[in-house]
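So the structure is just underneath, and the comments pick up after that.
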């Protein structure tokens, strides 16, 4: 970025326009740089942890009085993520703004961006990605391979066009398995999703892969290693991440190339999660793209030279991209709330889990446990990938998120 000559004595306590203000090409006061985050969940919390390593000031907007971010942010603005006034308040207080959730007010963000405020990734990209049907249109328009699909007007017509089974997805608002329904036959029509949705031809895949891609404001771009994902098919929640994926060098190369093409097509700035299907014929199809740090990139905290969270801060603040080199293989397992558990969270088996070499436990700090709610994750690192998988399976059976009532009843 361009250097700007200013007096060192003038910087303390001031917020400056632009992003990073370099002084004489060599000096920067990170505390003077205010980063805004829309959303106060676990992704925001992990972004703040990396931002605070470099002493940036972080302001968060979230409706919850007890969000994971509130405990560690420099300032917390309590407000709805669609509240125009609250979003304006956040953006105007900050030098650069980002987000950790898609379901936010992109219309006001686009207007603020047009007025010169720095918002990354661009809300115009988010507007495309958060509506999954627009995302599919974008992929088709840019000749990026994805599964056959169509918007649903009549479920019977879509069934005839795509064949059964097919996957019905809500255009907006779906996450962690919500807003997704597999239509196996006519008996499922009555349970189909209501509201705007589209159908995707069912892909007979052998693996689900993901690649995190980072691109900074200078256009520098890097991909992280290819990982494979395993899902809890009962709740359709990503359950396990294996890094690196157990695929050939050719598939790894093609997956990274395709992921980079996606983000270049968007002209995106920040970290993006690109999810893919590897078909039985070794074809790679784009499933979905997340315009933010992502569950499939959590392994990077312990496993890579630079985590996805640090990389995102680097991207949006005009800093050089960090190395994405894999240091050690790893496996990530989500800590989900147990069935029928509601209330103040307690974690059963923490001591036993931490006795296993290579186990790293991340608790998100949510104030209430609910069934299948993401309460944390565990990353197991090991020089041997298969040994890491075994340890991860052991941890999954040991560490449980339950309620205080559940703990008292045991």
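The values are calculated or read from the model by the stated rules, or taken from the named source; none is laboratory data. Quantities reported herein were computed from a predicted structural model and do not represent experimental measurements. Neighbour counts run over all protein chains shown; Cβ positions are idealised from the backbone, glycine included.
Inspection of the stretch 297-316 identifies no residue that is in contact with a strand residue (DSSP E or B) (Cβ under 7 Å, 6 or more places away or on another chain), at pLDDT below 95 and assigned to a loop (DSSP other than H, G, I, E, B).
Residue-wise test of (1) at pLDDT 95 or above; (2) in a strand (DSSP E or B).
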| site | (1), (2) |
| --- | --- |
| 318 | no, no |
| 351 | yes, no |
| 356 | yes, no |
| 378 | yes, yes |
| 383 | yes, no |
| 388 | yes, no |
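Using the structure shown, decide if residue 328 is closer than 14 Å to residue 215 by Cβ, surrounded by fewer than 24 Cβ atoms within 10 Å (Cβ to Cβ) and at pLDDT 95 or above. No, not satisfied. Residues in the stretch 234-265 that are part of a helix (DSSP H, G or I), in contact (Cβ under 8 Å) with a residue 60 or more places away in the chain and over 17 Å from the mean Cα position of the chain (by Cα): 258, 261, 265. Across the stretch 27-49, what is the number of residues that are under 16 Å from residue 103 (Cβ atoms) and in contact with a strand residue (DSSP E or B) (Cβ under 6 Å, 6 or more places away or on another chain)? Adding up the residues that qualify gives 5. Answer with yes or no whether residue 366 is crowded, with 17+ Cβ neighbours inside 10 Å and touching a helix residue (DSSP H, G or I) at 6+ places or on another chain (Cβ under 8 Å). Yes, satisfied. Here residue 77 clears all of (1) more than 23 Å from residue 296 (Cβ to Cβ); (2) touching a residue at least 12 places away in the same chain (Cβ under 8 Å); (3) exposed (fewer than 15 other Cβ atoms within 10 Å of the Cβ) except the condition numbered (3).
Entry remark, the stretch 138-153: residues being without any contact (Cβ under 8 Å) to a residue 24 or more places away in the chain, within 12 Å of residue 286 (Cα to Cα) and not in a loop (DSSP other than H, G, I, E, B) number 1 in total.
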